[in-house]
Structure formats: C-alpha cells, structure tokens
1. Amide H to amide H, which residues 5 or more places from Leu304 or on other chains are under 5 Å from it, using H placed in the peptide plane?
2. Please compute the net charge surrounding Ala267, taking Lys and Arg as +1 and Asp and Glu as -1 over other residues with Cβ under 9 Å from its Cβ.
3. For region 237-243, what does the Karplus curve 6.51 cos²θ - 1.76 cosθ + 1.60, with θ = phi - 60°, yield as ³J(HN,Hα) per residue in whole Hz, taken in order and with x for Gly and Pro?
4. So who's got an amide H within less than 5 Å of the one on Leu118, skipping anything under 5 residues away but keeping other chains? H placed 1.01 Å off N, in plane.
5. Under a Cβ-Cβ cut-off of 11 Å, what is the net charge of the residues other than Glu122 that fall near it, where Lys and Arg count +1 and Asp and Glu count -1?
6. Which of the listed residues, Ala51, Ser199, Ala218, is farthest toward the dipole's positive end in the chain, when Lys, Arg count +1 and Asp, Glu count -1 at the beta-carbon?
7. How large is ³J(HN,Hα), in whole Hz, for each residue of region 269-281 in order, when computed from phi with the Karplus curve 6.51 cos²θ - 1.76 cosθ + 1.60 and θ = phi - 60°, using x for Gly and Pro?
8. Taking loop as defined by DSSP and a crowding limit of 12 other beta carbons within 10 Å, which GluC sites (Glu not before Pro) in region 215-257 fit?
Amino acid sequence: VILARMCAAVRPAYGISMSRQGFLSAQLAARGVEGLEIKSCPGLGLQMVAARSFDEGEVILDVLSERLCALEGAYEEVERVCDEMAVTSFMAPFCYWGALTCLTKAQAGDLAERFGCLGDEEQSLLLALHAPPFLSSRATGMEVLTSSLEHDKTSRPLGCRDLAVTALVEHFGLSPLVTPILQTLALVWKYNAFELGKSKALFFAPALCNHSCRPAAAYDIEDCTDAARIVLRAVRPLAPGDEITISYIDTSPDECLCPTHRRKKIAEGWLFFCTCWLCDPEGSNVPEVCPGCSMPLGIWISDLHSGPYEITEGPRCDGCGGVDLVVSESYFFHCIACEMDFCPSCAPSLGKQSSA
C-alpha cells in the first residue's frame, strides 16, 4: 500500500515551504533568464509571460539543455526489455532510458556509472517540470493499484503503476523504492523532451512554455558538445504580459491540419484539449451540447481520465457508430445526463451551448 501511494504521486523536493510557481521563478533567476516571468492564470495554471517588450524576430531565450539523452549505451537494453513485454507501453523506450539517466547515485547504486546520474538538486529541477500525477487505467501498459488491506473493502484505486518501469527496476536490480521516482521521471521525459535528431533533450525554461497552434515564439535546436542549445525567437511583436507560447506539433502550411486533427495530436501527445485562439477563434470555449437532452458535453482525454466507463466497457459514438472511443480516439465527448458519446469527427456537427 505504501508503494502504491508512492506510485500515485511524487512531490518535487521544493516541499511545502515554497509554491511551484515560486520555485520555478527562483530557478529562472538563478539561470540568469531575463525579460520573462512565471504567472498563475486562473483556470489555466502557470504561464511563462513577457516581462518586457520583444520585437518580431528578437531572441527571447538562448539556453543549453539540462539533460541530453542519446540513444546509445544501455538504451538498446532498455528497448529490448520494453519489446519483450506482453503489453506495449504508451511511452516510448527513450522515456525510460532518459529516466534511468536522471536517477541520483544513491538511487542507481552500482549502476550509477553506467547510467551517468544526476545530483539531488539537478533531479529536483527536473521533477518540477510537468508530469501528470494520475493517468487513466485504460492507458496501455498501466496497472491500477488498489488497497490490499483486509479491512478495506472498497477496492478504491490508489494510482497506476507503469508495468515497463516495474520490469526495468527488476531487470537492472534496482530497489523497488526507486519505482515511483523512475515513473515520474519517465513522464517528465515524455511530456517535456525536445527532439534533436536521434537524441532527446530537456530544457528547463522552454519546457515551461505552454502550447498554442499559433504560437508567440518559434525555436531552433542545435547540437553542442555534451549538450543541446535552443533559441526561441518572437514571431510577432510581444508586449509585457503576453504569454510566451510555442507549438508542440507541426503547424507548418504543409500540414494544413484542421482543428479536430490538431486537437487529436495534442490530446494523444500531451493529454489536453486545445483551446488556443486558432482552434477556438472566438475565445468562448463554449461546449457542444448533447442532441438528446441539450446538456453541455464533457470532454474526456482517453489516456488521462479513467472516464465514466469501466475498463471492460467500450463506448460507441452515437453519431457514426465508431467503437470503443477510449481506445480508438485520443479524446471524446460524453453526456453525463443521457450517457451519449461522440467522437471528435462527429462533435463539430453538434450545436453549441448558448452563451447568453
């Protein structure tokens, strides 16, 4: 039960005496980042915003990576362990290899030299980056953990355990107590890493930038000796208080993605429903309504929310008849009143809730 609760969430080392916003702001200052600040926006969480004006094309950030994960060394061994599993994980092998290289020497034990580990403060910095504390039990490769106490008859879930993490801990002979840290670090790599050829890199400040399909900044990454370098430039004039956003997906003219396709990619890769002003030009964020009862529909991210259904249930789209929306779609729409469901392709044809 203790291990189950540890797997459910791992608190970064900045503790309760400092908020996450305060910790991130202090780290930006310690790295000499100027002209930017972290602000809290109600309903949207933390945002990186401009503290001064930036001209179009002006450099906003020019920093080196905190960690570079080359797909070499023990990576092939990690890949083999993942390939031999009965269930394919929703995370790529590089996430687990990156996580192993971010253990501390105390956590890695005799394998510290092989993994090339971090210090405690370096690891705490990475643990402050975004990693969803809970995932859906329907996410492939995840196991639901429940209470095993005899007096607890509720079988309430205590979290989810990544089976690939468990397999790697056993394979490398690590302590089981490393499991929750390793799982969180793997999530940090999945949701914050930038691609650099065959390598992956973690950057602290750029990882704090939220997504927009029409971003405020564009970036270039280049390989340097033992690190990677990223440069963010403003794509339009920015005023103090403007959010510094980047695009997590390819939004080049060659892609020509409609809002539904962009939202599918974002929900699959980063577990949220995009409401940027390109996807929602009016900025109203008004939900679609159920054709059966006119109630507003809720949005379920398949790998994030366990959803209104049991793991054995596969909801059908009441529009086109598409089967098991939790498996076939990265998100879907659900009515809690009459239990109707709609896939992302059918939902745009539904009416919107009146904003009056």
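1. Ser136
2. Net of charged neighbours comes to 0.
3. After applying 6.51 cos²θ - 1.76 cosθ + 1.60, I find x, 10, 9, x, x, 5, 6 Hz.
4. Leu103, Thr104, Lys105
5. Net charge around Glu122: -2.
6. Ala51
7. Ordered by residue, 3J(HN,Hα) equals x, 9, 6, 8, 9, 6, 10, 5, 6, 7, 7, 10, x Hz.
8. Taking region 215-257 and a limit of 12 other Cβ atoms within 10 Å, the loop GluC sites (Glu not before Pro) found are Glu255.
The values are calculated or read from the model by the stated rules, or taken from the named source; none is laboratory data. These numbers come from a predicted model, not from an experiment. For neighbour counting, all protein chains shown are included, and Cβ atoms are generated from backbone atoms with ideal geometry for every residue, glycine included. SASA here: full protein model, heavy atoms, side chains in, ligands and nucleic acids out. Shrake-Rupley method; radii C 1.70, N 1.55, O 1.52, S 1.80 Å.
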